[in-house]
Amino acid sequence: MEKLTFEEAIQNLEKIVEELENGKLSLDESVKKFKNGIELAKYCNETLEQAEKQISILLEDENGEMVEENFDTKE
C-alpha cells in the first residue's frame with residue numbers, strides 16, 4: 001500500500017464503504033474493495049496505536065509540580 005496520511009486513508013475507507021453500501025458493484029469488485037478496506041482499516045488502527053504511544057499528559061503531583069506521564073487508556 002502506498003504511504004497515505006491517516007486522513008487520506010480514512011477518506012479512502014469511507015469511499016469504499018459508500019461503494020459497498022451502494023450495491024452496484026459486481027461480486028469480484030466488492031471482494032476487492034472489501035480487501036482494500038480491511039487493509040486501510042488495519043493501517044488506520046496501527047497509525048492510531050502509534051499516536052497513542054506518543055501522547056503524554058501533564059499531571060500535578062502531590063507537591064503541586066507538573067509531571068509528564070505516558071497516556072494510558074486502560075483505566
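Rundown of residues vs (1) surrounded by 13 or more Cβ atoms within 10 Å (Cβ to Cβ); (2) in a helix (DSSP H, G or I); (3) touching a residue at least 40 places away in the same chain (Cβ under 8 Å), yes/no style:
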position	(1), (2), (3)
A9	yes, yes, no
L13	yes, yes, no
L25	yes, no, no
T47	yes, yes, yes
K53	no, yes, no
E68	no, no, no
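Checked against the criteria, G64 counts as in a loop (DSSP other than H, G, I, E, B) and either open to solvent by less than 80 Å² (accessible area, probe 1.4 Å) or hydrophobic (A, V, I, L, M, F, W, C) (or both). Looking for whichever is open to solvent by 60 Å² or more (accessible area, probe 1.4 Å) and more than 27 Å from L4 (Cα to Cα) here; the options are I38, I57. Which one fits? I57 is the lone residue from the list that is open to solvent by 60 Å² or more (accessible area, probe 1.4 Å) and more than 27 Å from L4 (Cα to Cα). The set of residues from region 1-33 being of a type in the set (S, T, N, Q) and under 15 Å from the mean Cα position of the chain (by Cα) comprises T5, Q11, N12.
Report the residue count in region 27-45 for those that are of a type in the set (A, V, I, L, M) and touching a residue at least 12 places away in the same chain (Cβ under 8 Å).
At the first step, the residues of region 27-45 found to be of a type in the set (A, V, I, L, M) are 27, 31, 38, 40-41.
Now narrow it down to the ones that are touching a residue at least 12 places away in the same chain (Cβ under 8 Å): 40-41.
Total satisfying the criteria: 2.
Looking at region 60-75, which of its residues are of a type in the set (A, V, I, L, M, F, W, C) and modelled with pLDDT under 75? Result: F71, single match.
The values are calculated or read from the model by the stated rules, or taken from the named source; none is laboratory data. These numbers were taken from a predicted model, which means no experiment stands behind them. All Cβ positions, glycine included, derive from the backbone under ideal geometry; neighbour counts span all protein chains shown. All accessible areas refer to the heavy atoms of the entire protein, side chains included, with ligands and DNA or RNA removed. Shrake-Rupley method; radii C 1.70, N 1.55, O 1.52, S 1.80 Å.
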